[in-house]
Amino acid sequence: MIRDLFYDFVDLLEIVFLEPLRFPEEMKEIPLANGSSMHWVFAALSALSIATGMSLLSPPYTIGTIGFLIFGFFSNLIAIRFFPFIFVIIFDYYAQGKGRNAKVAVLLSYARHSVLIFILFAPVCTVLQSIGFGGRGIGILVLIAHLLIYSLLVGRGAKYIYDLKDKDAFKFGYTALGLSILFPLLFNLYTATTILQSLAGDF
């Protein structure tokens, strides 16, 4: 049972990040791709990585840092759960403008699995901190870089899901990203985490 679960997990990662062409068909065969539990696992890991990375870039580390980690984790978790939905709705709107059928459910599943790319946030911040780069400004730049990579990954998957040309897929992806990050909820949540982070250093 555990072995089968592990193999399904590895297959899912391989499909999402290496072979998105197979995703629309293979998601029917992999139980992990159909349920929402793995979406939550990926979102939780990504949210923890973002909160941890921002903390690492903002010394001094005090007891208040733990409070930021907790609040930052939950606010980022909510943002990461909402962000793919907003992104996919916008992308699907543009894809339908190209005469494609609506495939929101498939692309949303793909987008929610792809958030695992944010798990690299904390390791990147660790490396930057170790070579002397720190501060919230650096953290925001790293976050923007991850968002751009995320959009690239989802655009690549959408290319096969909607049968789009490369140019259209990536144009729609980055347009959807630009509109998604303007959504007030996301900015308010992230602003809240940076305020909590600033306060954390005072306790």
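For TYR160 and ILE63 in the same chain, what is the full-extension length gain: residue separation times 0.36 nm, less their Cα-Cα distance, in nm?
30.2 nm
Give me a comma-separated list of calculated 3J(HN,Hα) values for the range 136-152, in order, Karplus coefficients 6.51, -1.76, 1.60 applied at θ = phi - 60°, integers in Hz, x for any Gly or Pro.
The phi angles translate into 5, x, 5, x, 5, 5, 5, 5, 4, 4, 5, 5, 5, 5, 4, 4, 4 Hz.
One-quarter of the Cα convex hull surface for the range 100-161, in nm²?
Approximately 4.7 nm², given one-decimal rounding.
A short reminder: the numbers here are calculations on the coordinates, not readings from a lab. The shown structure was predicted, so the numbers you read here are calculated from the model rather than taken from an experiment.
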